[in-house]
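Here's the structure, in structure tokens; my notes come after.
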Amino acid sequence: MKSRAEQIREQAARVVAQPSNRSAEGAGARARLPAVPKSKRVGKTVNLDANLNQRVVAWQTAAATSLGLPRVTFQAVIDCLLEELFDDERLSMRVRQRIDESQ
């Protein structure tokens, strides 16, 4: 997970790399860029048992402290976990096995 400072630096780098709209050349370059569709967030409801919820809250608090952040949101945790799940085939297999064993 990136710190807020890293996110701001990356955003600033993207802004600097973009052509200016104030010049005719910049406006023309902008017009030639393909439109990138914005991804729409979809809401999901997650129900956790009380013990698992307490463990998640404790982990979020510890993560925020170690990262020097005021908080780590549950949304950020879920987003990162899902990206890891999709990127790591071994993790994906372990999750499938756990699901199979719990059924």
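Within the stretch 8-20, the set of residues being of a type in the set (A, V, I, L, M) and modelled with pLDDT under 70 is empty.
Taking the condition open to solvent by less than 90 Å² (accessible area, probe 1.4 Å), under 23 Å from the mean Cα position of the chain (by Cα) and modelled with pLDDT of 80 or more, does Ala5 pass? In short, yes. For the stretch 54-86, filtering for residues that are under 21 Å from Ser3 (Cβ atoms) and either of a type outside the set (A, V, I, L, M) or open to solvent by 90 Å² or more (accessible area, probe 1.4 Å) (or both) leaves 16. Counting residues in the stretch 21-28 that are at pLDDT 95 or above, surrounded by 10 or more Cβ atoms within 10 Å (Cβ to Cβ) and not aromatic (Phe, Trp, Tyr) gives zero.
Within the stretch 73-92, residues that are over 21 Å from Arg55 (Cβ atoms) reach partners that are open to solvent by less than 60 Å² (accessible area, probe 1.4 Å) with beta carbons closer than 9 Å, at six or more positions or on different chains, in the pairs Phe86/Ser92; Ser92/Leu85.
A residue that is modelled with pLDDT of 80 or more and open to solvent by less than 100 Å² (accessible area, probe 1.4 Å) cannot be found anywhere in the stretch 29-40.
The values are calculated or read from the model by the stated rules, or taken from the named source; none is laboratory data. Just so it is clear, the structure is predicted and the values come from calculations on it, not from any experiment. Methodologically, a virtual Cβ is constructed for each residue, glycine included, from the backbone with ideal geometry; neighbour enumeration extends over all protein chains shown. Only protein heavy atoms, including side chains, enter the accessible area calculation; ligands, DNA and RNA are left aside. Shrake-Rupley method; radii C 1.70, N 1.55, O 1.52, S 1.80 Å.
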